[in-house]
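Student: The structure under discussion is supplied below as structure tokens; questions concerning it will follow.
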Amino acid sequence: MAKRLFQIHANLAYYLEYTFFFFILYSMNDLDRFDYAILGALQTDGTLSVAELAEKVGLTTTPCWKRLKRLEEEGYIDGRVALVNRSKAALPVTVFVSVRTSQHDEKWLAKFAAGVIALPEVQEFHRMSGDIDYLLKVVTTDIEGYDRFYKKLIKVANLTGVSSAFSMEQIKYTTALPLHLVSHSPA
């Protein structure tokens, strides 16, 4: 009897451990193929109505709406925006700005980050590994517009070096993430 109880206890412990493992694994990314299909469709066209979105992903309207709300509430969808054509808006120049500094303390970084974030020309701002400390993607009107930006940037914080590379041609541009890499469904 004791041996049988021990075996049941051991089986139960194994089952609980196995279930917990899969619960943790599943909860790390609890999106299924419908969730990825919703995200993919919205990346292509953020103006889709819930009915159009449901039809695209193969759901009825109510389950699609519930999934969409959950994706928004859980932060999978950061927002919905219109993508403005930079050239038509008279902002055709893209500059990648490499920044080096000899200061790496939190106080300096807080000041620098706040100053860079406040510059509307900065579209992206990255802390880097390697020889460059920070990389900025900047859009502006022309060379003179970049020079005005540069003069504002060097006032933000003490910098060791600033190097600029002007984009000659944009060969690829997308805001869509490659969801097929994680969705386990065909691209």
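Each reported figure results from applying straightforward, stated rules to the coordinates on display, with no laboratory input. On a predicted model such as this, the values are computed, not experimentally measured, just so you know. All Cβ positions, even for glycine, are placed from backbone atoms using ideal geometry, and neighbour counts span all protein chains on display.
Student: For PHE34 paired with MET168, estimate the spin-label separation in nm (one decimal), with each label point 7 Å from Cα along the Cα-to-Cβ line.
Tutor: 5.0
Student: Placing unit charges on C-beta atoms (Lys and Arg positive, Asp and Glu negative, everything else neutral), compute the dipole magnitude of the range 49-165 about its Cα centre in debye, rounded to 20.
Tutor: 180
Student: Loop-only chymotrypsin sites (Phe, Trp or Tyr not before Pro) in the range 124-187, please: DSSP not H, G, I, E or B, and at most 15 other Cβ atoms within 10 Å.
Tutor: Sites meeting the loop and neighbour criteria: TYR173.
Student: Take the range 123-187, compute every pairwise Cα distance, and split them into 10 Å bins from 0; I just need the percent in each bin.
Tutor: 14, 38, 27, 14, 7
Student: Pairs to check: LYS111/LYS172; LYS107/LYS172; LYS111/LYS137. Give those whose C-alpha atoms are more than 27 Å from each other in this structure.
Tutor: Over 27 Å apart, Cα to Cα: LYS111/LYS172; LYS107/LYS172.
Student: Something else now. Read phi for every residue in the range 35-42 and hand back ³J(HN,Hα) as whole Hz from Karplus 6.51 cos²θ - 1.76 cosθ + 1.60, θ = phi - 60°, with x for Gly and Pro.
Tutor: Per-residue couplings from phi come out as 4, 5, 5, 4, 4, x, 5, 5 Hz.
Student: Given points 7 Å out from each Cα along the Cα-Cβ axis, report the ILE143 to ARG127 separation in nanometres with one decimal.
Tutor: 3.6
Student: May I ask you to derive the FRET efficiency for ARG100 and ALA176 from their Cβ-Cβ distance with R0 = 41 Å, giving the value to the nearest 0.05?
Tutor: Between ARG100 and ALA176 the formula returns 0.80.
Student: Same structure again: Given a Förster distance of 35 angstrom, what is the FRET efficiency for LYS152 paired with ALA82, based on the Cβ-Cβ distance and rounded to 0.05?
Tutor: Computed FRET efficiency for LYS152 and ALA82: 0.85.
Student: Continuing with the same structure: Could you give the nm distance between label points at SER49 and THR61, where each point is 7 Å from its Cα heading toward the beta carbon?
Tutor: 0.8
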